[in-house]
Amino acid sequence: MPYEKALEKAKWYCSFQERCILDVENRFLAWKVKREEWDKLLDVLLEQDFLNEDRYVEDFVRGKFSIKKWGRLKIKAELLKKKIKSKKVEEELAKIDEENYHKTIQHLLEKKKELLPKIEDELKLRDKLYRYLISKGYESELVVKELNTI
């Protein structure tokens, strides 16, 4: 794909939704953009503020917590998969309100408990709830603490 066409498509792609550099590089690969042009294209996108990893991290953390109800550990792991290791990640994770974080854990516990078939064995129930919340990326000690309240 020619440089100019790739730049226009990349600008549209980045203006549609916040993207990280890895997302854009994967798009370049799919569009068959020459490897030598990637850096130039990324530089233009960064200069013109179509790409901004700080803004991406902010939206990612807020969206995954409030919409998908992911915990801090899963959010951080997903950002690492996208090759984002910045101070901004820790800052944004720290912005998650502790009270809201605990309420979300409680809400997920109650919701999952209702969805599970009636389990007589209390330990099996607690184990299933524990594994569910760990898979959502919540910290083990917080999950155990919240499990003790139900």
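Rule-based calculations on the coordinates, nothing more; no lab input. The structure displayed is predicted, hence computed values, not measured ones. As a convention, Cβ positions derive from the backbone with ideal geometry for all residues, glycine included, and neighbour counts pool all protein chains shown.
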So what's the angle, to the nearest 10 degrees on a 0 to 90 scale, between helix 72-81 and the longest Cα principal axis of the chain? 30
Test of understanding: express the Cα radius of gyration of region 3-47 as a ratio to 2.2 N^0.38 Å, with N the residue count. 0.99
Out of the trypsin sites (Lys or Arg not before Pro) in region 104-150, which ones are loop residues according to DSSP with at most 15 other C-beta atoms within 10 Å? Lys118
Close lysine pairs (region 98-147; alpha-carbon distance under 18 Å; 8 or more apart or on separate chains) counted at 22
Using alpha-carbon coordinates, inclination of helix 53-66 to the longest axis of the chain, degrees: 30
Selected from Leu93, Leu115, Leu22 as most flexible by GNM, with the chain as the system and alpha-carbon contacts under 10 Å: Leu115
I'd like the orientation of helix 3-16 relative to the chain: the angle between its Cα long axis and the longest Cα principal axis, in ° from 0 to 90, rounded to 10. 30
Efficiency by 1/(1 + (r/R0)^6): what FRET value for Asn148 and Glu98, r their Cβ-Cβ distance, R0 = 22 Å, to the nearest 0.05? 0.80
Relative contact order (percent) for the chain, with alpha-carbon contacts under 8 angstrom and 6 or more residues of separation? 23
